[in-house]
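S.K.: The structure follows.
The values are calculated or read from the model by the stated rules, or taken from the named source; none is laboratory data. All of these numbers come straight from a predicted model, not from anything done at the bench. Here Cβ is always computed from backbone atoms with ideal geometry, including for glycine, and neighbour counts include all displayed protein chains. We work out accessible area using only protein heavy atoms, side chains counted, and drop any ligands, DNA or RNA first. Shrake-Rupley method; radii C 1.70, N 1.55, O 1.52, S 1.80 Å.
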Amino acid sequence: MKQIPAIIERASDGTYSVYCEHEIFSGMGDTVEAAKSDMEEQMKFYKQTAQEERFKYPEFLDGEFEVVYRWDCESLLTLYSDILTLTGLGKRSGINHKQLWSYMHGNSKPRRAQLDRLEKAIHELGQELLAIKL
């Protein structure tokens, strides 16, 4: 099954956009799910129109494919800033909280190694939270 990478971003007005990294498709919405749904509808509409008008369209639209979503670092840190503190994320990830602040505010872009460390820390926290029984 072909995997189509897509990025989720949060706009300053609180809406969300989703766009494919290597394809022409994108979507917008008030929620992440609405943005994803909008992009999926755009893909269907594009294919249908291309077939009706007899123009070429990406081959993957004819087969089975999966859109693999990943978050833009700045958007993710901003979205969860009221739940996850930069100090706490810094302790878990080993990334200085001032550097995380810089990522969150778009002053710098993290290298892949930093993204991997941050992702690992968030996933570990998620696993710990899932294990909690009250």
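S.K.: Let me confirm something: among 72, 62, which residue is in contact with an Asp or Glu (Cβ under 7 Å, 6 or more places away or on another chain), among the charged types (D, E, K, R) and either touching a residue at least 60 places away in the same chain (Cβ under 8 Å) or over 30 Å from residue 110 (Cα atoms) (or both)?
M.R.: Going through 72, 62 in turn, the sole match is 72.
S.K.: Please specify each residue of the stretch 106-120 satisfying the condition of being more than 17 Å from the chain's Cα centre (by Cα) and either open to solvent by 70 Å² or more (accessible area, probe 1.4 Å) or aliphatic (A, V, I, L, M) (or both).
M.R.: 107, 113
S.K.: Next question, about the same structure. Only residues in the stretch 99-123 that are over 9 Å from residue 73 (Cβ atoms) count as the first member; pair them with residues that are in a helix (DSSP H, G or I) and open to solvent by 40 Å² or more (accessible area, probe 1.4 Å), Cβ under 6 angstrom, at least 6 apart or cross-chain, and list the lot.
M.R.: Short answer, once both residue conditions are applied: 106/74; 121/92.
S.K.: Can I ask one more? Out of everything in the stretch 20-48 that is hydroxyl-bearing (Ser, Thr, Tyr) and out of contact with any Gly (no Cβ under 8 Å at 6 or more places or on another chain), what residue ends up being nearest to residue 68 (Cα to Cα)?
M.R.: Ranking the candidates gives 26 first.
S.K.: Within the stretch 89-114, restricting attention to residues that are assigned to a helix (DSSP H, G or I) and among the aliphatic types (A, V, I, L, M), which residue is farthest from residue 12 (Cα to Cα)?
M.R.: 113
S.K.: Can you tell me which residue among 41, 59, 33, 64 is open to solvent by 80 Å² or more (accessible area, probe 1.4 Å), at pLDDT below 95, within 22 Å of the chain's Cα centre (by Cα) and under 23 Å from residue 2 (Cβ atoms)?
M.R.: Details: 41 fails: at pLDDT below 95; 59 fails: within 22 Å of the chain's Cα centre (by Cα); 33 fails: at pLDDT below 95.
Going through 41, 59, 33, 64 in turn, the sole match is 64.
S.K.: Can you spot a residue in the stretch 80-88 that is assigned to a loop (DSSP other than H, G, I, E, B), small (Gly, Ala, Ser), more than 15 Å from the chain's Cα centre (by Cα) and surrounded by fewer than 12 Cβ atoms within 10 Å (Cβ to Cβ)?
M.R.: No.
S.K.: Residue 117 - would you say it is outside any helix (DSSP H, G or I) and within 23 Å of residue 5 (Cα to Cα)?
M.R.: Criteria not met by residue 117.
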